[in-house]
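Colleague: Structure provided below as structure tokens; questions to follow.
The values are calculated or read from the model by the stated rules, or taken from the named source; none is laboratory data. Source: prediction; values computed, not measured. Note: ideal-geometry Cβ built from the backbone for every residue, glycine included; neighbour counts use all protein chains shown. For the accessible areas, the whole protein counts, side chains as well, though only heavy atoms, and no ligand, DNA or RNA atoms are used. Shrake-Rupley method; radii C 1.70, N 1.55, O 1.52, S 1.80 Å.
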Amino acid sequence: MAKDVSYINDYYDTDFRRHPKKYRIGCGENGVLTAKPYKSEILPHRRFKTPEIAKESAAKIYELYLDYKQQCDFVGMDMSRKLLEMRVTPAAMPVILDNNAREKQKIRHAVCAV
């Protein structure tokens, strides 16, 4: 049975703030990186290089969630929620671990130099 891709094609071209009834709740994080205009409002705040940066990022995204809630903007709320629940992909883990190891090494050298 062939997949109906018409919805997927429409999804990329739809402004969901103007047409919220076209939004479909997907399974998991589906659509979170593509839904206009929310991707450009929320994604710039998603950072996780260090635990501190990740906490700041989560706080900002949660603030956006509350703003969307105050505006009764369900799509914005759902996009924010999905981004808050998204995990770091296994492909990104080596980069994060490598950055954390470098940071720990810097700290060790700084302590040893004293």
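Colleague: So, in region 49-77, exactly how many residues are open to solvent by 100 Å² or more (accessible area, probe 1.4 Å), touching a residue at least 40 places away in the same chain (Cβ under 8 Å) and under 21 Å from R24 (Cα atoms)?
Modeller: 1
Colleague: I need the full set of residues from region 1-48 which are at pLDDT below 80 and surrounded by 11 or more Cβ atoms within 10 Å (Cβ to Cβ), in order please.
Modeller: Y7, I8, D10, Y11, G26, E29, N30, G31, V32, L33, T34, F48
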